[in-house]
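For reference, the structure is listed below as structure tokens.
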């Protein structure tokens, strides 16, 4: 009877862990979406809200850490359960970093001033849209333990990298031709770098899911 009770409590805690990770994914995606929106629209109020909400993501990560410790202390999980716990813990760390970078994008929007530099902002918005779509897929891949979708997410980061290269090129041209644009261009360069790093952390999430589902470390094929 005690063993059955322990297993039931363990399963309940595992379900709580999964629910917390899904919530972190949703929060991280929402933070990024709002940060890019604030950047695009020069919405300083929204930018400040994104910065303030970052603390909630940090609190949720602490909750995930506590849940992980309870699960490991409750019994010695093996195989699939252990991979699920370890992958979830690692994902929480990456999701917290994604939220940090979203906050960084919001902070950069406060540095733009009145100068309306449109083209690079539009490219950064496109980068953010791709990253948010990737995070949506991360939630599905995690819930379904889908390694193929995880690989698809990993490969999609190339789109963000390509746009990031476009941003750098566009900003370089602007700064060399219009000295008055240097300050906002530097802010946009930092914002684009933050979104590019978000893409890298999303690929980490995909790798954690792949490990959770297969027990293997994801090694990209040469064509990837």
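Quick notes
- Scanning segment 19-36 finds one or more residues that are over 15 Å from the mean Cα position of the chain (by Cα), assigned to a helix (DSSP H, G or I) and under 21 Å from residue 144 (Cβ atoms).
- Residues being closer than 18 Å to residue 139 by Cβ and either surrounded by fewer than 16 Cβ atoms within 10 Å (Cβ to Cβ) or in contact with a helix residue (DSSP H, G or I) (Cβ under 8 Å, 6 or more places away or on another chain) (or both) - total across segment 27-55: 7
- Being surrounded by 13 or more Cβ atoms within 10 Å (Cβ to Cβ) and more than 16 Å from the chain's Cα centre (by Cα) is a description that applies to residue 187.
- Test: residue in segment 176-183 that is surrounded by 22 or more Cβ atoms within 10 Å (Cβ to Cβ), in contact (Cβ under 8 Å) with a residue 24 or more places away in the chain and either part of a helix (DSSP H, G or I) or out of contact with any strand residue (DSSP E or B) (no Cβ under 7 Å at 6 or more places or on another chain) (or both): no
- For residue 24, the conditions (1) at pLDDT below 95; (2) under 29 Å from residue 215 (Cβ atoms); (3) surrounded by 13 or more Cβ atoms within 10 Å (Cβ to Cβ) all hold with the exception of (1).
- Number of positions in segment 87-113 that are surrounded by fewer than 19 Cβ atoms within 10 Å (Cβ to Cβ) and at pLDDT below 95: 3
- Note on segment 121-160: residues that are under 15 Å from the mean Cα position of the chain (by Cα), free of Cβ contacts under 8 Å to residues at least 40 places away in the same chain and surrounded by fewer than 22 Cβ atoms within 10 Å (Cβ to Cβ) amount to 4.
The values are calculated or read from the model by the stated rules, or taken from the named source; none is laboratory data. All of these numbers come straight from a predicted model, not from anything done at the bench. Here the Cβ is made from the backbone with ideal geometry for all residues, glycine too, and neighbour counts use every protein chain on show.
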